[in-house]
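Asks: Below is the structure I would like to discuss, written out as structure tokens.
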Amino acid sequence: IDFDLILENVKYLNLLAGEGISQIEHTLQGARLRQPKPLSLTLYKNGIIMCNGAFRPYQDPSTQQCLQDIMDGYFPSELQPRYPNGV
């Protein structure tokens, strides 16, 4: 696992997802600016935790696919059902 590549690509993907850019949220009283909610990814020496979920060891195939997606420069494909219109 190339942790340097993962960290580099996470920074890039954060920019694509709109990090630091406020969005307009319409309310009953008008509108307000809000920041997109971040998705957490914690890397450990033996696994990851993503989105405050359960610990996932690196040997798990779904963890390997998730990290491979990030190393390839893409958002993890497992997020598509949760964000069908993109992150």
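Asks: Note down all Cβ pairs under 6 Å where the first residue falls in the stretch 1-25 and is within 15 Å of Leu41 (Cα to Cα) and at pLDDT 90 or above, the second is among the small types (Gly, Ala, Ser) and assigned to a loop (DSSP other than H, G, I, E, B), and they're at least six residues apart or on different chains.
Replies: If the second residue must be among the small types (Gly, Ala, Ser) and assigned to a loop (DSSP other than H, G, I, E, B), the pairs left are Asn9/Gly73.
Asks: Taking the conditions exactly as written (in contact (Cβ under 8 Å) with a residue 12 or more places away in the chain, of a type in the set (Val, Ile, Thr) and in contact with a Pro (Cβ under 9 Å, 6 or more places away or on another chain)), does Ile70 satisfy them or not?
Replies: For Ile70, the condition - in contact (Cβ under 8 Å) with a residue 12 or more places away in the chain, of a type in the set (Val, Ile, Thr) and in contact with a Pro (Cβ under 9 Å, 6 or more places away or on another chain) - is met.
Asks: Scan the stretch 10-69 for residues that are under 19 Å from Arg82 (Cα atoms), open to solvent by 70 Å² or more (accessible area, probe 1.4 Å), assigned to a loop (DSSP other than H, G, I, E, B) and among the polar types (S, T, N, Q) and report the count.
Replies: 2
The values are calculated or read from the model by the stated rules, or taken from the named source; none is laboratory data. Remember, predicted model here, so these are calculated numbers, not experimental data. Virtual Cβ from ideal backbone geometry, glycine too; neighbours counted across all protein chains shown. Heavy atoms of the whole protein, side chains included, go into the accessibility calculation; ligands, DNA and RNA do not. Shrake-Rupley method; radii C 1.70, N 1.55, O 1.52, S 1.80 Å.
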